[in-house]
1. TYR290 passes all but one of (1) in contact (Cβ under 8 Å) with a residue 40 or more places away in the chain; (2) open to solvent by less than 60 Å² (accessible area, probe 1.4 Å); which number fails?
2. Taking the criterion of being under 23 Å from VAL47 (Cβ atoms) and hydrophobic (A, V, I, L, M, F, W, C), would at least one residue in the stretch 328-337 satisfy it?
3. Going through PHE239, PHE222 one at a time, which residue ends up being aromatic (Phe, Trp, Tyr), modelled with pLDDT under 85, open to solvent by 30 Å² or more (accessible area, probe 1.4 Å) and more than 25 Å from the chain's Cα centre (by Cα)?
4. Quick one: which of GLY59, GLY34, GLY50 is at pLDDT 95 or above, more than 19 Å from the chain's Cα centre (by Cα) and either within 14 Å of ligand 2 (Cβ to nearest atom) or within 30 Å of SER248 (Cβ to Cβ) (or both)?
5. Could we say that ILE249 is of a type outside the set (Gly, Ala, Ser), free of Cβ contacts under 8 Å to residues at least 60 places away in the same chain and crowded, with 20+ Cβ neighbours inside 10 Å here?
6. Can you find, within the stretch 37-47, the residue that is farthest from ligand 2 (Cβ to nearest atom) among those that are open to solvent by less than 10 Å² (accessible area, probe 1.4 Å) and in contact with a Gly (Cβ under 6 Å, 6 or more places away or on another chain)?
7. Modelled with pLDDT of 90 or more, surrounded by fewer than 18 Cβ atoms within 10 Å (Cβ to Cβ), among the aliphatic types (A, V, I, L, M) and touching a His at 6+ places or on another chain (Cβ under 6 Å): which single residue out of ALA296, ALA308 fits that description?
8. Restricted to the stretch 63-93, and to residues that are in contact (Cβ under 8 Å) with a residue 60 or more places away in the chain and either open to solvent by less than 30 Å² (accessible area, probe 1.4 Å) or within 21 Å of the chain's Cα centre (by Cα) (or both), which residue is nearest to ligand 1 (Cβ to nearest atom)?
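The values are calculated or read from the model by the stated rules, or taken from the named source; none is laboratory data. For clarity, every value in this text was computed on a predicted model and none was experimentally measured. All Cβ positions, glycine included, derive from the backbone under ideal geometry; neighbour counts span all protein chains shown. Surface areas here come from the heavy atoms of the whole protein model, side chains and all, with no ligands, DNA or RNA. Shrake-Rupley method; radii C 1.70, N 1.55, O 1.52, S 1.80 Å.
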Amino acid sequence: ESQLNSNYSFDNFLEGESNRLARSAGMAVANKPGGTAFNPLLIYGGVGLGKTHLAHAIGVEIKEKHPEKTVLYISAEVFTQQYVDSVRKQTRNDFIYFYQLIDVLIVDDIQFLSGKSGTQDVFFHIFNYLHQNGKQVILTSDKAPVDMQDIEQRLLSRFKWGLSAEIMHPDFETRVNILKNILYRDGVEMNNDVVEYVAKHVKTNVRELEGAIISLIAQSSFNKKEITVDLAKNVIEKFVKNIRKDISIDYIQKIVSDYFELDIETLCSKSRKRNIVQARQLAMFFAKKYTKSSLANIGSQIGDRDHATVLHACKTVDNLLETDKEFKAHFEDINKKLSM
Ligand code: ADP
Ligand code: MG
């Protein structure tokens, strides 16, 4: 069995600036599996941004266009378990042989292989065999190959043979489209103001965006009330608090702007007022400190800046901590709030 989830398709994988490259490379691969330069196709990006969805969509599309091909989707975790089992049962050769018969191999979350040298070794051999025989390999990872830890060099260099395509955080417009698609799918009508409110306030990832709109739909059907912006505010605030258990950029922006009595719009604005600039720089600094987001992502979420601006902000904060006592006190207050 292919293990593909047919609920994940290209049709319901909405396109935006953030995923355009990965999505269109996926399409190209689906049209000509093994016949493009994108072999392997490596899709990488943070959690909840659509890697698994896209990986399935490619497999599903290949099954549709090329029914004769054998396609297998597997998470790196299950692959590892299977391998370990095969060693224990002394069926390692069968394990390898099974994988060599596949035309399109999709391995999700390959960062899971990090530190597992036996599994990496067997995967290396399977990969080489498939690649040499013109078979397609599709991989996903939460990191770019250059940032992967404890993966053998020879494997890393294979990963770079094809195309590495990043899925980034969706912009506002894409978030709105994703929400509208969910509403359409579920046959729910919702005011545009409300949809935009949700898209504006839930920026972490698509999974949380889905969670937010679903809890909003549930609330409204429960209370038999029309969904207004006020109701949305209530629900989303609670929702956003719940996802703050691990510190996100949204949460940092909220804490920093509350601390300086600014609203988030002002924090993210182009204002050059000293206190606002410092608040913004602190938000960027803490986002770098507490989240795994790339500088580019931090910049795009905090006022649509570029990665150089974020880097500069971090350096400025470092300097001010050395030279400005008052600034340092603010810094420590906020840091305390964030780590509560
Ligand atoms: P990842 O594997 O990167 O952690 P997933 O593929 O599991 O993320 O995506 C999380 C959720 O968001 C899934 O329900 C998925 O369908 C949805 N999703 C992600 N990107 C999109 C998109 N571009 N359009 C529609 N839904 C999306
Ligand atoms: Mg995934």
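1. All conditions are met except number (2).
2. Scanning the stretch 328-337, I find no residue that is under 23 Å from VAL47 (Cβ atoms) and hydrophobic (A, V, I, L, M, F, W, C), so the answer is no.
3. PHE222
4. GLY59
5. So ILE249 passes the test.
6. Of everything passing the filter in the stretch 37-47, PRO40 is farthest from ligand 2 (Cβ to nearest atom).
7. ALA296
8. TYR73
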